[in-house]
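K.L.:
First the structure, then my questions, so here it is.
Read the figures in this text as sums done on the coordinates, not as results from a lab. None of the values given here were measured: they were computed from a predicted structure. No Cβ is skipped: glycine too gets one built from the backbone with ideal geometry, and neighbour counts run over all protein chains shown.
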Amino acid sequence: MEQEKRAWWKEAVIYQIYPRSFADSNGDGIGDLNGITEHLPYLKELGIDVIWLCPVYSSPNDDNGYDISDYRNIMEDFGTMEDFDRMLAAAHGLGIRIVMDLVVNHSSDEHPWFVESRSSRDNPYRDYYIWRDPRPDGSAPNNWASSFSGSAWQFDEKTGQYYLHLFSRKQPDLNWENDKVREKVFDLMTWWCDKGIDGFRMDVISLISKVQTFPDGISYDGLYGDSAPYTVSGPRVHEFLREMNRKVLSRYDLLTVGEAAGVTIQEAMKYANQDQTELGMVFHFEHMGPISGADIPLGKWTTVKPALKDLRPILNKWQTELEGRAWNSLYLDNHDQPRCVSRFGNDSPRWRVKSAKMLATCLHMMKGTPYIYQGEELGMVNCTWTLDECRDIEEINAYQQYVTDHHMVDGAYMLACFNELGRDNARTPMQWDDGPNAGFTVGQPWIKVNPSYKEINAKAALADPDSVFYYYQKLIKLRHENPVIVYGVFEPLMEDSETVYAYKRKLNDKILVVACNWSDRDQPCNLFDRADGIEIISNYDLHRMGILQPYEARVVLITLDT
């Protein structure tokens, strides 16, 4: 353990809250800060250490708060700064820390900086954003695609130039090449740190440095070019983050995690290096991306489910290659991903609980800091969607681009993709009980409630000693009590199996043996045939020699003779 630098955030378990969908305290159908405050005792009972709060800043809400118009104010839908301060104090009173979502690759086009920037070419704020002249034919400066479909460039009639938006046209990218932009960002971060928050999750932070020649990208869908080679972990990204660390992060005791789509292992070692000169850890998405060998012409959109044989080498690589070099973040669920039980497990009534517990075991026994997304601890599942029920800009724009405008697929297929992968699956209201609107609101919910709430809800889970909730509670308690779960070295096992994910963790005289059956059939596994060790958790009461039963997970702790 001495080899690994200890830190509170390495030993913590983090719970992500999507405020709009967590709990509505005033009946307007939208979750809010007071709703979070009311449910803090529930999170205390679960045992989590940290809340990661998705954006609650002022926003016109084009991308559900990830388009910020005022970084030092609270969105009216969510309440007031006084409500925030009360929530922060209540959380701290329960020993729960609060991590804010920092969105500074882009702002809202309604932010005062951008209002000024687009007002004229010679405005002092013009260079706060990325403006470029049209090509000779009047078209966009390059062929880059927006992550939310269409071009990444928007023409501004008044000033005759295009501005860059890697996401929605209402999310113009900030120009991090401008020293003044960076100082403004560091000032607002300092302001929140002085208020007493405990860290930052940094939205798409790997995109803040762009190759300044802005070349065309390769087109994979025949419509627009891929910007990733010129925007992901760009030429100055580590310089910018080291500056951020010097001027802000190093002055406080913070948890910092960077969302870094497209990040490589080598880059992750820089972002989350052991010397802590940049960030504490990063989110990678390699295990969430398109499945190898699948024909996916529509970017991320597919109905193909991931296979363990594709996932294991990715997850194992991030475990073994970061060892002693950088810290890992562990997740299968978040606000941008479908429900993990539906995606990786089995959400049928027969296997939902078993597979939810299996996935949790597999993840929480790995090395890194685990993240639980709201409702994951209940085993919440995906929905089925019609187009008029969708609320996510990514889904709505994808349907427009691939179905309506370019006829690349039919509507039924696109909706099937949404049912499998759509972000709205994660954004249905938290299922508190089996009453109206799942106990989320007494009003009209901003997005539909998943019909599964009658069976899957917190009230039922808290009344059932064998629920997914209490299993997560036990996993969290085990992590707090056993340093081998936090700091033990990871060693893969049974790598040839297409259905069993197994590994060891080693620390001093402790060895942890973990095996998880990712299938709905018995699978051979002889890791536990000897009587060594003590079983510390399993989702089955009875075991069979040499066999893992459907979705069975077992963890045995062995203490070596010294």
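K.L.:
Percent of alpha carbon pairs in the stretch 488-559 separated by more than 15 Å?
P.N.:
Considering the stretch 488-559, 50 percent of its Cα-Cα pairs are separated by more than 15 Å.
K.L.:
A further question on this structure: Pull up all non-local amide H partners of His106: gap of 5 or more, or a different chain, and H-to-H distance under 5 Å with H placed in the peptide plane.
P.N.:
Leu174
K.L.:
Looking at the chain only, what percent of DSSP beta bridges run antiparallel? Nearest 5 please. Intermediate results must be reported in sequence, preceding the final value.
P.N.:
Values: 41 of 66 bridges.
Among the beta bridges of the chain, antiparallel pairing accounts for roughly 60 percent.
K.L.:
Among the listed pairs Lys309/Lys477; Lys10/Lys506; Lys210/Lys367; Lys367/Lys474, which have their C-alpha atoms separated by more than 21 angstrom in this model?
P.N.:
The pairs that break the limit, which is 21 Å between Cα atoms, are Lys309/Lys477; Lys210/Lys367.
K.L.:
Give the separation of the Cα centroids, the stretch 334-388 to the stretch 406-422, in Å.
P.N.:
22 Å
K.L.:
Is there a quick way to get the dipole size of the stretch 153-211? I mean about its Cα centre, with the Cβ of Lys and Arg at +1 and of Asp and Glu at -1; what is the value in debye to the nearest 20?
P.N.:
Computed charge dipole of the stretch 153-211: roughly 160 debye.
K.L.:
In deg cm²/dmol and to the nearest 500, what is the mean residue ellipticity at 222 nm of the chain if only DSSP H runs of at least 4 residues count, each as -39500 (n - 2.57), divided by the residue total?
P.N.:
Calculated at 222 nm, the ellipticity per residue is -7500 deg cm²/dmol.
K.L.:
Determine ³J(HN,Hα), in whole Hz, for all residues of the stretch 106-121 in sequence, where each value follows from phi through the Karplus function 6.51 cos²θ - 1.76 cosθ + 1.60 and θ = phi - 60°; x replaces Gly and Pro.
P.N.:
Result, rounded to whole Hz: 8, 10, 7, 6, 9, 5, x, 4, 6, 4, 5, 4, 8, 6, 6, 5.
K.L.:
Helix 308-321 versus the longest principal axis of the chain: what angle, 0 to 90°, nearest 10, using Cα atoms?
P.N.:
80 degrees
K.L.:
Where the convex hull is taken over the Cα atoms of the chain, what is its projected area averaged over directions, in nm²?
P.N.:
Values: hull surface 100.7 nm².
Answer in nm², one decimal: 25.2.
K.L.:
Which residue, Tyr551, Gly533, Trp518, has the largest displacement toward the positive end of the dipole of the stretch 482-562 when charges sit on each Cβ (Lys, Arg +1; Asp, Glu -1)?
P.N.:
Among Tyr551, Gly533, Trp518, the one farthest towards the positive end of the dipole of the stretch 482-562 is Gly533.
K.L.:
Can you list the HN-Hα couplings for the stretch 338-353, worked out from phi with the Karplus curve (6.51, -1.76, 1.60; θ = phi - 60°), rounded to whole Hz and with x for Gly and Pro?
P.N.:
After applying 6.51 cos²θ - 1.76 cosθ + 1.60, I find x, 5, 5, 5, 6, 7, 10, x, 9, 8, 5, x, 5, 10, 4, 5 Hz.
K.L.:
Still on this structure: Any cysteines in the chain with zero other Cys Cβ atoms under 4.7 Å from their Cβ? List them, or say none.
P.N.:
If one checks each Cβ against the other cysteines of the chain, Cys54, Cys193, Cys340, Cys383, Cys390, Cys417, Cys525 turn up with nothing under 4.7 Å.
K.L.:
Now for a separate question. Could you give the size of the charge dipole of the chain about its Cα centre, using +1 on the Cβ of each K and R and -1 on the Cβ of each D and E, expressed in debye and rounded to the nearest 20?
P.N.:
Magnitude of the dipole: close to 1140 debye.
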